[in-house]
1. What share of Cα pairs, in percent, lie more than 21 angstrom apart in the stretch 40-142?
2. Find the cysteines in the chain that fail to meet the 4.7 Å Cβ criterion with every other cysteine, and list them.
3. What is the spin-label model distance, in nm, from Ser59 to Asn295 if the labels are put 7 Å beyond Cα along the C-beta direction?
4. Which residue fluctuates most in the GNM of the chain (Cα springs below 10 Å): Val73, Val283, Val108?
5. With an 8 Å Cα cut-off and a minimum separation of 6 or more residues, compute the relative contact order for the chain in percent.
6. Pop a pseudo-label 7 angstrom from the Cα along the beta-carbon direction at both Lys286 and Glu250 and give the gap in nm to one decimal.
7. Mind listing the Cα extents of the stretch 248-336 along all three principal axes, in Å, largest one first?
8. Give the average over all directions of the projected area of the C-alpha convex hull of the chain, one decimal, in nm².
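No value in this document is a laboratory result; all are computed from the given coordinates. Please read these numbers as outputs of a predicted model, since none were measured by experiment. For neighbour counting, all protein chains shown are included, and Cβ atoms are generated from backbone atoms with ideal geometry for every residue, glycine included.
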Amino acid sequence: MAEPNIELPQSDIPTRSPSATTADDTITPFEVAPLDLRGRVVRLGAGLNDILNGHDYPSAVSRLLGEAIVLTVMLGSALKIEGRLILQTQADGPVRMLVVDFTAPDQVRACARFDKKRVEEAVAAGKADPGALLGNGHLAMTIDQGPDMNRYQGLVALTGEGLEAAAHEYFLRSEQIPTRVRLAVAEEFIAAEGGPRRNWRAGGIMAQFLPHAPERMKVADLPPGDAPEGVVPHAVAEDEAWVEGRALMETVEDIELLDPAVSSERLLYRLFHERGVRVFKPVAVKAKCSCSRENVESMLKSFSQDDRDHMVEDGKITVTCEFCSASYQFAPAEVGAKAN
Ligand SMILES: [Zn+2]
């Protein structure tokens, strides 16, 4: 299995004049060299709105999907070359499945499958936090770097905790990189013609401990796993730089990730100015679906004759994209199906 191709920030020109307000739909890489920390800050506005308002899911589901989008954008933007990162959850909670698909360098699309009644019940019972909505199951992270490259897939169990916890576990188990992630999503209603309009904002920050000497990356909170019963795992002293970096990450508040008046640069300066932080040029991200008539056509042609024949309704085959709701119609003959 190939290791994912994670790009470290290049010695790009650091931005010298931090903007006062945030630039939405951006990914800002940073480095705190004295602490061997590298990471990214993601801020999402209009792009997130396009995806979430396009689906019109219940608020609790949109919020959860928003977190998954921030996480996927943060991870996907580290892909070195053209490729895709797909985050997918499959679990027994009211939200059965989340899919977020990031195509390098800058496109993201997302959708969810959920049980409407169970979501309503969870909201009514005050049990609609991300962990409860997901329930138990697994989260898969698939990195696809094109037909000539191996697909890489990392799996982590979902155990009733949210996506931040799942991300920490994923990095610890799949990549052995000490990582801290913070995700925040908020919904606001703004006055507009024809009544208030729903507006979504989201933000996230990720920091990874990447020292030159790998033995410094040992962390204390790795569970003993399949150690034989009675074997006490020996305590590992965590590296001081990581202890400090992690503690700083834990001070990040939701409002700092969401407030348009707090730019990514300001947030990073607030967190790390005592150690010295290099902030790299932000990159843009946009909400865009990658579906096309050609792709849908070749998918249909890959189905069995029987399946294709069964898809004909009122003399045509209609396929609706689950990500962007685009509708594609085909005459049966176009995709080799029998007209009924
Ligand atoms: Zn689409």
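1. Of all Cα-Cα pairs in the stretch 40-142, 33 percent lie more than 21 Å apart.
2. Singleton cysteines: Cys111.
3. 3.3 nm
4. Top of the fluctuation ranking is Val283.
5. Once normalised by length, the contact order is 23 percent.
6. If labels sit at Lys286 and Glu250, their model points lie 4.1 nm apart.
7. Answer, in whole Å and largest first: 67, 22, 20 Å.
8. Averaging across all directions leaves 22.1 nm² for the Cα convex hull.
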